[in-house]
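Where a number appears in this text, it was derived from the coordinates with a stated rule and is not lab data. This structure is a prediction, so every number in the text was calculated from the model and none was measured. Reconstructed Cβ throughout: ideal geometry from the backbone, glycine too, with neighbour counts over all protein chains shown.
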Amino acid sequence: MNQRDKWNKRYATADAPSSRQACEVLRHNAALLPASGRALDLACGLGANALFLAERGLAVEAWDIADGALAKLADTAAHQQLAIKTLARDAERQPPEPTSFDVICVSRFLHRPTLPALQRALRPGGLLFYQTFNQDKPHGGPSNPDFLLMRDELLTVFSGLHLRFYQDYGQLGDTEQGNRHETLFVGQAPTVAPKR
């Protein structure tokens, strides 16, 4: 079974998406979002993050390999009168073009060769919201290390961005509290220096 079929099968019986299901890093840092601009929900799945961004006035593109999930998102967006452009696109083979988005959101997707392209895809002052599973997770999520962040990996990979938010609780303290499964990151592309 190829990747498209695998994910289409997974989403076939899923309920319609809701912005209430947007990823934690986006919901908890929504105050950082610009009032307008172009946003990308990369590897969007059912598109909860895309809905969340569109509800806040951003022009949103939602990319995923699963066209079945995109169809559900398109129906939901049309019903809610939200302008979301869905695109069946494999981000591993076709990452976003340089300086093309003001906001990029990625949740529960990790393809390391694509990470540098995400940083380059931000416009000056653009924001990257990233959340995915890490190696310190106590249980749940993928077991393949290819899909698990190493400790502080995003801080290294995205060192060219200004850090705006970072959370990785690991196994410190009471592991029954807080999100121990995932690392959350918000970085901002440098702004262009004003001309004098």
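Would you calculate, for the chain, the mean residue ellipticity at 222 nm contributed by helices, counting each DSSP H stretch of 4 or more residues as -39,500 (n - 2.57) and dividing by all residues, to the nearest 500? Rounded to the nearest 500, it is -6500 deg cm²/dmol. If you wrap the tightest convex hull around every Cα atom of the chain and split its volume per residue, you get 130 Å³.
With θ taken as phi - 60° and the Karplus curve 6.51 cos²θ - 1.76 cosθ + 1.60 applied, the whole-hertz 3J(HN,Hα) list for the range 119-127 is 5, 5, 6, 6, 6, x, x, x, 10 Hz, x standing for glycine and proline. Residues in the range 150-162 carry Karplus couplings, in order, of 7, 4, 6, 4, 5, 5, 6, 4, 9, 5, x, 9, 6 Hz; the curve used is 6.51 cos²θ - 1.76 cosθ + 1.60 with θ = phi - 60°, and Gly or Pro positions show x. In terms of its C-alpha gyration tensor, the range 73-153 comes out oblate, because a/c is 1.5 or above while a/b does not outweigh b/c. All distinct Cα pairs of the range 1-110 go into the 1/r average, and the inverse of that average, the Kirkwood radius, is 13.9 Å.
Under a point-charge model restricted to the Cβ atoms of Lys and Arg (+1) and Asp and Glu (-1), what is the dipole moment magnitude of the range 1-112 relative to its Cα centre, in debye to the nearest 20?
Roughly 220 debye for the range 1-112.
Pick out the long, greasy-scoring helices in the chain: whole DSSP H runs spanning 15 Å or more along their own axis by Cα, mean Kyte-Doolittle at least -0.5.
Answer set is 67-79.
Applying the criteria of a DSSP loop state and at most 14 other Cβ atoms within 10 Å to the trypsin sites (Lys or Arg not before Pro) of the range 81-150 yields R93.
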